[in-house]
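Notes to accompany the following structure.
The values are calculated or read from the model by the stated rules, or taken from the named source; none is laboratory data. This one's a predicted model, so the numbers in the text were calculated from it and none came from an experiment. Note that each Cβ is placed from the backbone with ideal geometry, even for glycine, and that neighbours are counted across all protein chains shown. Protein only, heavy atoms only, side chains kept; ligands, DNA and RNA dropped before computing areas. Shrake-Rupley method; radii C 1.70, N 1.55, O 1.52, S 1.80 Å.
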Amino acid sequence: MLKIAVLVSGGGTNLQAVIDAIAAGTITNSRIEVVISNNKNAYALERAAQNGIPHRCISPKDFADRDEFNRQLLLALNSYSVDLVVLAGFLVVIPPEVIAAYKNRTINIHPSLIPSFCGTGYYGLNVHKGALLRGVKITGATVHFVDEGTDTGPILLQKAVEVKEDDTPESLQRRVMEEAEWKILPEAIHLIANGRVEVENGKTLIRSEKGMDTI
Ligand code: GRF
């Protein structure tokens with residue numbers, strides 16, 4: 001049974017997609033042990049409560065300095081003995097000690113096709129504003145493992161989404177969530193929970209029925 005911590009900051013629609021997929025049996029061998037938010041007003045915490053999932057707020061604002069926050073976040077994850085950390089719209093820089101302790105065991109969902117529209121400053125609506133400004137016809141979402149960089153870790157899954165001529169950043173954000181994020185995040189967790197993912201030389205290998213495919 002894969003024990004998961006989901007880290008959130010906002011609405012938690014990706015968290016909801018994971019909760020629903022576990023309930024529906026499309027994610028197997030998995031349980032959400034805890035939902036952690038840096039924002040005590042995040043609706044994601046309410047979603048956890050409604051589903052009987054342990055949840056707590058750990059905010060940098062509640063500690064004397066960032067080192068102490070980093071330490072407390074790591075202690076919290078360790079206390080739930082989690083196997084996988086899922087960043088689902090978590091807007092705080094992940095502490096280096098967490099990255100090191102959960103190497104190849106931390107995934108993030110990013111709302112573009114990496115390496116486009118990613119890295120420092122590309123979060124939330126900025127990602128979709130960037131895509132519209134550049135005039136791309138296709139965007140999408142990426143699930144990747146988290147390393148020391150910003151959106152630089154091994155790519156696990158990607159899904160393309162069409163950009164429409166009358167899109168606004170908001171309409172594009174919504175379509176990317178519906179058509180890509182809410183599908184590939186649960187799928188990634190299912191693959192990991194069933195031992196079908198390996199990381200080798202900075203790339204992922206996904207075990208299909210035939211064997212391992214380089215993605
Ligand atoms: C999503 O667009 C995700 O890709 C990004 O932050 C947003 C979180 O949305 N990293 P939600 O809280 O899951 O609704």
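Within the set Asp83, Asp65, the sole residue that is in contact (Cβ under 8 Å) with a residue 60 or more places away in the chain and of a type in the set (D, E, K, R) turns out to be Asp83. Suppose we filter Arg47, Arg56 for residues that are out of contact with any Cys (no Cβ under 8 Å at 6 or more places or on another chain), assigned to a helix (DSSP H, G or I) and farther than 18 Å from Val146 by Cβ; which single one remains? Result of the check over Arg47, Arg56: Arg47. Just one residue in the set Leu156, Leu132, Leu113 is touching a Ser or Thr at 6+ places or on another chain (Cβ under 7 Å), open to solvent by 10 Å² or more (accessible area, probe 1.4 Å) and over 21 Å from Val92 (Cβ atoms); that residue is Leu113. Among all residues of the stretch 49-56, there is none that is touching a Gly at 6+ places or on another chain (Cβ under 9 Å), open to solvent by less than 50 Å² (accessible area, probe 1.4 Å) and of a type in the set (Val, Ile, Thr). Could you tell me whether the stretch 76-83 includes any residue that is open to solvent by less than 20 Å² (accessible area, probe 1.4 Å), assigned to a loop (DSSP other than H, G, I, E, B), more than 11 Å from the ligand (Cβ to nearest atom) and of a type in the set (A, V, I, L, M, F, W, C)? So far as the stretch 76-83 goes, yes, one or more of its residues are open to solvent by less than 20 Å² (accessible area, probe 1.4 Å), assigned to a loop (DSSP other than H, G, I, E, B), more than 11 Å from the ligand (Cβ to nearest atom) and of a type in the set (A, V, I, L, M, F, W, C).
Return the residue satisfying two criteria in turn: it lies in the stretch 24-39 and is part of a loop (DSSP other than H, G, I, E, B), in contact (Cβ under 8 Å) with a residue 12 or more places away in the chain and open to solvent by less than 70 Å² (accessible area, probe 1.4 Å), and of such residues it is nearest to the ligand (Cβ to nearest atom). Among those residues, the one meeting the criterion is Asn39. Out of Ala42, Ala17, Ala21, one residue alone is crowded, with 20+ Cβ neighbours inside 10 Å and more than 10 Å from the ligand (Cβ to nearest atom). It is Ala21.
Listed here are the residues, each with its yes/no results for (1) over 14 Å from Ala160 (Cα atoms); (2) assigned to a strand (DSSP E or B); (3) small (Gly, Ala, Ser).
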site	(1), (2), (3)
Ala100	yes, no, yes
Asn104	yes, no, no
Ser112	no, no, yes
Ser116	no, no, yes
Thr120	yes, no, no
